[in-house]
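Let me begin by presenting the structure, written as structure tokens, before commenting on it.
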Amino acid sequence: MAKKSTRFVCQSCGAAYVRWAGKCDACGEWNTIVEEALPAADSPTATAGKGGRRIDFSSLKGAPEILFRLKSQIGEFDRVCGGGLVPASAILIGGDPGIGKSTILLQVVARLSQIVNREGRPVRCVYISGEESVDQVRLRALRLGVSDAAVELASATNVRDIVASLDAGPAPDVVVIDSIQTLYADTLDSAPGTVGQVRAAGHELIRLAKRMGFVLFLVGHVTKEGTLAGPRVLEHMVDSVLYFEGDRGHHFRLLRSVKNRFGATDEIGVFEMTDKGLAEVPNPSALFLAERRGNVSGSCVFAGVEGSRPVLVEIQALVAPAGAGTGRRSVVGWDGNRLNMILAVLEARCGVVLSNRDIFLNIAGGLKIGEPAADMAVAAAILSALFQKPVPADVVVFGEVGLSGEIRAVAQPDLRIKEAAKLGFARVMMPPRRTAKPKEAPIKATEIGHIKTLADLFQ
Ligand code: TYD
Ligand code: MG
């Protein structure tokens with residue numbers, strides 16, 4: 001019997017089947033299964049078992065080679081990459097269309113082209129755009145003031161052409177592919193942007209990057225649901241995954257590392273979108289607190305930590321009588337379920353009535369907070385709005401709230417306190433310490449063990 005040369009792959013989750021079906025059993029989506037050609041015979045999965053080369057095993061002990069890193073000198077960017085770019089690594093940059101992915105990468109390669117690589121030669125940077133023409137990229141470079149940089153541009157979408165061109169010239173040090181969704185491998189029938197195409201193109205380029213030793217940036221657009229559609233399948237193939245986040249209505253942008261084989265994850269870099277591209281924001285707390293007015297009710301400053309970096313943000317709450325029935329709840333920048341939990345804890349443990357109120361919560365500046373450590377600051381903002389009693393302007397708050405109303409310790413209290421002190425705050429409300437107090441406290445700390453204690457401060 002002739003060997004089957006195609007398979008059926010779900011475009012939503014990547015599950016593979018031998019025959020077509022209307023519904024994917026793995027993710028439950030309908031009409032997402034598409035026929036695709038099987039990987040070529042030279043792919044790693046096709047050669048398993050047959051006459052392989054013997055590999056040498058070694059022990060865990062031994063002096064690891066110190067990683068050489070290319071530093072773009074854009075501090076915020078280098079930190080998110082774990083202190084610089086590691087040669088022969090692949091980095092996926094995801095984000096909404098228009099958030100600034102092409103802009104930051106052009107700025108980064110322009111800077112990189114001015115330094116030297118491990119061999120002491122100028123870093124060779126190649127920027128391949130599948131979305132914009134060479135002229136469009138030039139225009140952007142002009143706007144960013146980097147037209148003089150020795151970056152090599154090309155507009156291409158065929159993976160075979162790209163691989164052949166990179167292979168032919170002197171080995172590049174950094175290659176940007178903008179974006180992976182526009183590429184197509186002519187070995188597959190499916191359209192650019194489908195899971196099969198993204199996987200094939202990604203695999204091909206990543207293999208080339210490992211072989212030739214260059215840093216590969218793959219740009220991937222995110223869908224509205226907030227996941228990397230298509231590029232999702234690349235997440236496990238690449239060495240690092242960075243997300244570029246931000247609110248279109250605000251000027252600042254966050255670069256967040258969610259995976260990094262060569263450094264810490266959850267690290268953030270903060271940038272501001274200006275008319276000359278992205279500018280670094282070395283002190284994000286000052287930016288997020290810039291428009292804060294002291295002594296208004298419903299406002300509380302939360303001392304947060306993003307990755308290794310402390311960030312102070314203002315949490316705003318508004319409590320208003322509801323029209324009829326139960327009140328509305330509306331949240332921007334925080335988890336709605338988490339807000340409902342805090343409201344339930346306040347009602348059950350402190351006896352305040354909130355069900356007949358409309359409640360709005362906003363993280364000022366457009367930042368999105370994922371830390372449970374913001375719980376107590378949210379509770380304080382709501383209590384302050386409800387009783388119309390301001391949280392003193394020199395107070396910062398952090399701590400997680402448990403269902404029985406207890407305030408739980410959170411990671412890195414001293415880092416948070418230090419940042420608050422740096423920005424001129426004089427007092428902190430925090431959970432009871434699990435470990436010994438530091439001898440010299442930079443600001444006055446009030447330990448709060450239960451949410452009732454917090455509520456009593458406002459009533
Ligand atoms: P871009 O990098 O093209 O986004 P992506 O590649 O993620 O799709 O960013 C485009 C947006 O950034 C666009 O709305 C205009 C804005 N922008 C500036 O505000 N200043 C600038 O200097 C540049 C180059 C872009
Ligand atoms: Mg772009």
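The table that follows gives values for the structure above.
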item: Electrostatic dipole magnitude of the chain [Cβ: Lys, Arg +1; Asp, Glu -1; Cα centre; debye, to 20]; result: 940
item: For region 334-389 versus region 142-190, the gap between their alpha-carbon centres in whole angstrom; result: 48
item: Separation of the Arg160 and Arg292 label points, Cα + 7 Å toward Cβ, nm; result: 5.9
item: Stokes-Einstein D (µm²/s) once Rh is taken as the Kirkwood radius of the chain over alpha-carbon pairs, at 25 °C in 0.890 mPa s; result: 98
item: Cα-derived Rg over Rh, computed across region 346-446 with Rh taken as Kirkwood radius; result: 0.97
item: Per residue, in Å², the accessible surface of the chain once ligands and nucleic acids are set aside, probe 1.4 Å; result: 49
item: Per-residue HN-Hα couplings for region 268-275 [Karplus 6.51, -1.76, 1.60; θ = phi - 60°; Hz; x = Gly/Pro]; result: 10, x, 10, 10, 10, 7, 10, 6
item: Sparse-neighbour loop sites [GluC sites (Glu not before Pro); region 263-330; at most 16 other C-beta within 10 Å; DSSP]; result: Glu291
item: Residue-averaged [θ]222 nm for the chain, counting only DSSP H segments that reach four residues, each worth -39500 (n - 2.57); result: -7000 deg cm²/dmol
item: Whole-Hz couplings from phi, Karplus 6.51/-1.76/1.60, listed for region 376-390; x for Gly and Pro; result: 5, 5, 5, 4, 5, 5, 5, 4, 5, 5, 5, 9, 6, 10, x
item: Where the Cα pairs of region 22-179 fall when distances are cut into 5 Å bins, in %; result: 1, 7, 12, 15, 15, 14, 11, 11, 9, 5, 1, 0
item: Gln11 long-range amide H proximity, modeled H, under 5 Å; result: Ile33, Val34
item: Inter-label distance for Ser59 and Ala393, nm, one decimal - labels placed 7 Å from Cα along Cα-to-Cβ; result: 6.5
item: Percent antiparallel among DSSP beta bridges (both partners in the chain, rounded to 5); result: 55
item: Relative contact order [Cα under 8 Å, 6+ residues apart], the chain, whole percent; result: 12
item: Extension gain (nm, one decimal) between Ala26 and Asn337, 0.36 nm per residue minus Cα-Cα; result: 109.3 nm
item: Whole-number percent relative contact order across region 75-282, with pairs defined as alpha carbons under 8 Å at least 6 apart; result: 30
item: With every protein chain in place, the chain: carbon and sulfur % of accessible area (1.4 Å); result: 53
item: Whole-Hz couplings from phi, Karplus 6.51/-1.76/1.60, listed for region 405-414; x for Gly and Pro; result: x, 6, 9, 9, 5, 10, 5, 6, x, 5
item: At R0 = 56 Å, FRET efficiency that the Cβ-Cβ distance of Gln114 and Ser404 yields, to 0.05; result: 0.45
item: Helix axis angle, 101-112 relative to the chain longest principal axis, alpha carbon, degrees; result: 70
item: Distant-in-sequence amide H partners of Gly298 (H built 1.01 Å from N, under 5 Å); result: Ser384, Ala385, Lys389, Val391
item: For Asp358, residues with placed amide H under 5 Å, excluding near neighbours; result: Ala320, Ala322, Arg328
item: Nearest-ten-degree value, helix 159-168 long axis tilted from longest Cα axis of the chain; result: 70
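The values are calculated or read from the model by the stated rules, or taken from the named source; none is laboratory data. Everything numeric here is computed off the predicted structure, so don't read it as measured data. Virtual Cβ from ideal backbone geometry, glycine too; neighbours counted across all protein chains shown. Surface accessibility is based on the protein's heavy atoms, side chains included, excluding ligands, DNA and RNA. Shrake-Rupley method; radii C 1.70, N 1.55, O 1.52, S 1.80 Å.
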